[in-house]
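One structure is given below, encoded as structure tokens.
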Amino acid sequence: MDAPRLRVRDIALFERRVPFRTPFRFGAVTVESAAQAFVRVEVELADGRRAIGGTAELMVPKWFDKRPHLTAEETVEGLRAALRLARSFYLDAGTDTAFGLHAAIHDAHKANCTAAGLPALAAAFGPAEIDKAILDAVLRALGLSVFDGLHANVAGLDARLSPDLSDTGLTAFLAGRRPLARVALRHTVGMMDPLDGPEGIAALGDRENARFFKIKLSGALDADRDRLRALAARLPEESAVSLDANEQYADPAALSALGDLIARDPTLARLRGRLLYLEQPLPRDLTFAAPLPALPCPVIIDEADDSYGAFPAARGLGYAGVSSKSCKGIYKSLVNGARAAQSGGFLTAEDLTCQAGLAVQQDTALAAFLGLAHAERNGHHYADGFAGGAEADAFLAAHPGLYLRTPDGIRLATASGALDIAPLAGPGFACAVHPDWSRLPPLKAAAPVSRRADARAGEDA
């Protein structure tokens, strides 16, 4: 099947506040609520068919942009700015394939975001969200599931942004995918999360059959040592663990000290034998400054994955893998999957923030297509992504087996320790229904220019 050419006719941007039921701390920030962005796109195919596509993503403060002089809300405003800029570029992009539109606006959008003071990771958020909604619309117009559509390369993915690959290699990679039937849940343990009691590791292991855990680190070696020792003693049998430092280890020397601790501390032997990988230990601006020091486990990049060239550059410095997150770009995840299949390395499925509905369904489908057996997937533990009422009921009815009704509302069906992929295999990008667009508040208007100017002045001081 040839990838259809299309034009983007309309893009509407919305947001909805998601309160957290329990605070979550990662890196240097504690989050108690966050705004979830929603994107609605209308496309017209060359043959005149029109379709609506949608997506959603939590706009997490101080993750895409950790610059200390910015407030948490200012970093969220940067994500809104990336969405607004991307919207204008896609509406003016003319006719092309879904990936062709992405490639056509890529350089100009990134340059405009740089001029506006946005780091590359935050800049990528805008196209990443609109690309998901465009793909959803194309798949709906063609009556294809995301698995069949990606298999046939209906997006028109090619190598123009990844010259280390070939067009034929990418097409062959997509054609060779056999999506998983289930994706196991990896449960993140935030730095404020209790270790014992009904929310502790042992209880979660029993209640949700959790066998994969992701432990957040602070970058303070003594504190991380004590926490790892406590967690090692509580791990369920036959569990596996990853560690995530969220850029908090200041330099290679500090990272080497962590590696020595993990390798030599006898109280960590139980954890050491189950350790899968360490995620993004160094600040993104130091990730590519020098080769990675020797460590007792593979290391992957996450926040440093802010361009199409980041993964191969990291591989050249000793990193073993890269995270797949649809908030960083579905096409980059697919390209990196092809790279790993061709020349080594691996992908992992990360994204704590995927909320019930469009976000968790689309990112989980991407992980299943890439063959990633387990995914960080417990955003439902901290927040309820549904607005409740009719929307939640509609998703439950449309995706039986993925959700269930509980005394606390409609939640992901997590008791088995995995998510079934069959409910995501209908036409569209893993979603049979959309939110009620008429009930969603619009994306907030841009913050006053003077405020942003003050923030830049603080950076220059």
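The values are calculated or read from the model by the stated rules, or taken from the named source; none is laboratory data. Please read these numbers as outputs of a predicted model, since none were measured by experiment. No Cβ is skipped: glycine too gets one built from the backbone with ideal geometry, and neighbour counts run over all protein chains shown.
Structural remarks
- The set of residues from region 160-172 being in contact (Cβ under 8 Å) with a residue 24 or more places away in the chain and more than 22 Å from the chain's Cα centre (by Cα) comprises 160, 164, 165, 169.
- Answer from 76, 146, 154 - the residue that is more than 24 Å from residue 5 (Cβ to Cβ), among the β-branched types (Val, Ile, Thr) and crowded, with 18+ Cβ neighbours inside 10 Å: 76
- Selection of region 162-194 for residues being surrounded by fewer than 15 Cβ atoms within 10 Å (Cβ to Cβ) and hydrophobic (A, V, I, L, M, F, W, C) yields 172, 175, 181, 192.
- Checking each residue in region 91-104 for being in contact (Cβ under 8 Å) with a residue 60 or more places away in the chain and surrounded by fewer than 24 Cβ atoms within 10 Å (Cβ to Cβ) picks out 91, 93, 94, 95, 96, 97, 100.
- If you go through region 385-444 and pick out every residue that is of a type in the set (S, T, N, Q) and touching a residue at least 24 places away in the same chain (Cβ under 8 Å), you end up with 2.
- If only residues of region 224-269 that are of a type in the set (D, E, K, R) and not in a loop (DSSP other than H, G, I, E, B) are counted, the one that is nearest to residue 283 (Cα to Cα) is 244.
- Residue count, region 406-436 (criterion: within 23 Å of residue 373 (Cβ to Cβ) and of a type in the set (Asp, Glu)): 1
- Applying the set (1) surrounded by fewer than 22 Cβ atoms within 10 Å (Cβ to Cβ); (2) outside any strand (DSSP E or B) to residue 355 leaves exactly one unmet item: (1).
- Residue within region 74-96 that is assigned by TED's automatic domain parsing to the domain that holds residue 152, farther than 19 Å from residue 135 by Cα and not in a helix (DSSP H, G or I) present: no
- Scope region 270-282; condition assigned to a loop (DSSP other than H, G, I, E, B) and either buried (at least 19 other Cβ atoms within 10 Å of the Cβ) or assigned by TED's automatic domain parsing to the domain that holds residue 127 (or both); matching residues: 280, 281, 282
- Taking (1) under 21 Å from the mean Cα position of the chain (by Cα); (2) in a helix (DSSP H, G or I) in turn, residue 140 satisfies each apart from (1).
- Of all residues in region 373-390 being modelled with pLDDT of 85 or more and surrounded by fewer than 21 Cβ atoms within 10 Å (Cβ to Cβ), the one that is nearest to residue 440 (Cα to Cα): 390
- From 245, 233, 203, 223, residue being surrounded by fewer than 18 Cβ atoms within 10 Å (Cβ to Cβ), in the same structural domain as residue 352 (by TED's automatic domain parsing) and modelled with pLDDT of 95 or more: 223
- Candidate set from region 320-340 (those that are in a loop (DSSP other than H, G, I, E, B) and buried (at least 24 other Cβ atoms within 10 Å of the Cβ)); member that is farthest from the chain's Cα centre (by Cα): 329
- Identity of the residue in region 11-49, polar (S, T, N, Q) and touching a strand residue (DSSP E or B) at 6+ places or on another chain (Cβ under 7 Å), that ends up surrounded by the most Cβ atoms within 10 Å (Cβ to Cβ): 36
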